[in-house]
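Visitor: A single structure is presented below for examination.
The values are calculated or read from the model by the stated rules, or taken from the named source; none is laboratory data. It should be emphasised that the depicted structure is a prediction, and the values quoted were computed from it without experimental measurement. Cβ placement follows ideal geometry from the backbone for every residue including glycine, while neighbour counts extend to all protein chains displayed.
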Amino acid sequence: MKKRVKEKKISGKKVKWKVLIWSLIVVFLIAGIGSYFNAGESTGEYYLSIKPNLTPPGIIFAVVWNFLFVLVAYAIYFDWIKSENSSKNRNKVVLLFLVNLALNILWTFLFFVVKNPLFAFFDIILLLVSIVWIFIFNWKFERKSSYLVIPYFIWVVFAMYLNWVSYLKWVNLF
């Protein structure tokens, strides 16, 4: 008598573990690069002097960003699976997410290493535009991926507000 092996399913389909794991690895590798630029800087004199009053505790940032990166990894996973038979769509998926994740790293570098909230603010605007592009592309291509990036968009809008207030404090306007 054969034993039935239960297969894990996401959205009613068999999980392609290799693709899912690679999606998570890529996203968290990039998150790790961003964290490298932030290491120790969020408690440094520069940041504390421009930190907005509405800034959540550091642990909240860690939890929220990790949650958002998991959502982004799942969006990449669903897009990759959906684009299996279309190199044109697969190339778009790769480009959209690589640009987005590169802008995410660049923001951390500009804000914490270069210590320039204005440059970081311009970058965060581009980051939001890239999230909107991902949303629009996925609305027609893989709708569940669009839904997965909505919390990311909302959080980055909040981060943009914090960045703007930091800039105002940086130039002593607030």
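Visitor: Looking only at the stretch 112-133, which residues are free of Cβ contacts under 8 Å to residues at least 24 places away in the same chain and crowded, with 17+ Cβ neighbours inside 10 Å?
Guide: ASP123
Visitor: Still on this structure, please answer the following. Do the conditions hold for TYR161, that is, is it at pLDDT 95 or above, within 14 Å of the chain's Cα centre (by Cα) and not β-branched (Val, Ile, Thr)?
Guide: no
Visitor: Could I ask something else about it? Restricting attention to the stretch 1-36, which residues are in a loop (DSSP other than H, G, I, E, B), modelled with pLDDT under 85 and β-branched (Val, Ile, Thr)?
Guide: VAL5
Visitor: Can you pull out the residues in the stretch 133-156 that are under 12 Å from the mean Cα position of the chain (by Cα) and within 19 Å of TRP107 (Cβ to Cβ)?
Guide: ILE134, VAL149, PRO151, TYR152, PHE153, ILE154, TRP155, VAL156
Visitor: Name the residue that is surrounded by the most Cβ atoms within 10 Å (Cβ to Cβ), counting only residues in the stretch 57-91 that are among the charged types (D, E, K, R) and in contact with a helix residue (DSSP H, G or I) (Cβ under 9 Å, 6 or more places away or on another chain).
Guide: By that ranking, first place goes to ASP79.
Visitor: VAL94 fails exactly one of the following numbered conditions: (1) surrounded by 12 or more Cβ atoms within 10 Å (Cβ to Cβ); (2) more than 11 Å from the chain's Cα centre (by Cα); (3) over 21 Å from LEU126 (Cα atoms). What is the number of that condition?
Guide: (3)
Visitor: Picking from ASN104, ASN116, ASN100, which residue would you name as being over 12 Å from the mean Cα position of the chain (by Cα) and either closer than 18 Å to ILE154 by Cα or of a type outside the set (A, V, I, L, M, F, W, C) (or both)?
Guide: Of ASN104, ASN116, ASN100, the one residue that is over 12 Å from the mean Cα position of the chain (by Cα) and either closer than 18 Å to ILE154 by Cα or of a type outside the set (A, V, I, L, M, F, W, C) (or both) is ASN116.
Visitor: Then there is this: Being buried (at least 17 other Cβ atoms within 10 Å of the Cβ) and either outside any helix (DSSP H, G or I) or in contact (Cβ under 8 Å) with a residue 12 or more places away in the chain (or both) is the requirement here; does PHE109 meet it?
Guide: yes
Visitor: For the stretch 133-158, name all the residues that are closer than 22 Å to VAL63 by Cα and either of a type in the set (Ser, Thr, Tyr) or at pLDDT below 95 (or both).
Guide: Within the stretch 133-158, SER145, SER146, TYR147, TYR152 qualify.
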